[in-house]
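The values are calculated or read from the model by the stated rules, or taken from the named source; none is laboratory data. Source: prediction; values computed, not measured. Note that each Cβ is placed from the backbone with ideal geometry, even for glycine, and that neighbours are counted across all protein chains shown.
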Amino acid sequence: MMKGICTLCLILFVSTHAWAKEVQSVEVKELAKSSASWDGNLLPQYPEGKPEVTILRIIIPPGVQLPLHEHPIINAGVLISGELTVVTTEKKTLHLKAGDPIIEVVNTWHYGKNEGTLPAEIIVFYAGVSKKPITIKQGQ
């Protein structure tokens, strides 16, 4: 019985050690952390209601400009590929390249445009409330 327990201890030690070695190779890099959006304005409080997280993969072809819109909720993303320029109605501008994070403006009219030659692909995470819009286009 003792031999079985020692064998089990040895197996646990070896497997734990291998797992620890694997974990040591994991790399974590903080892309963004802020209480303000990219234009410097403080982010608003989270809205009351049932939380709803939305994750979108948006691909903007070269030469395309999105319509003027605003987000009533906090959202953030990472440009996966291409280039993207974000412009507010106050003419504040942010130029993103592949790998860049963005903490998006909230309750601010803006648009994005792809001035590059490749599609701009961005993954965006929205911290919203059930049955409430994440984006409002001008004129809606």
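Taking strands (runs of 3 or more DSSP E) that do not extend beyond the range 66-134, which have at least 3 residues that are out of contact with any Gly (no Cβ under 6 Å at 6 or more places or on another chain)? Reasoning before the result, please.
Working: elements: 74-81, 83-88, 93-97, 101-103, 110-113, 120-129.
Passing ranges, in order: 74-81, 83-88, 93-97, 110-113, 120-129.
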Would you check if there is a residue in the range 12-35 being over 20 Å from L84 (Cα atoms), at pLDDT 95 or above and surrounded by 10 or more Cβ atoms within 10 Å (Cβ to Cβ)?
yes
Of (1) more than 22 Å from L31 (Cβ to Cβ); (2) aliphatic (A, V, I, L, M); (3) buried (at least 16 other Cβ atoms within 10 Å of the Cβ), V64 fails just (3)
Breaking point among (1) charged (D, E, K, R); (2) closer than 15 Å to E121 by Cβ; (3) in contact (Cβ under 8 Å) with a residue 40 or more places away in the chain, for K50:
(2)
Does A127 qualify as being closer than 19 Å to Q45 by Cα, in contact with a strand residue (DSSP E or B) (Cβ under 6 Å, 6 or more places away or on another chain) and surrounded by fewer than 17 Cβ atoms within 10 Å (Cβ to Cβ)?
yes
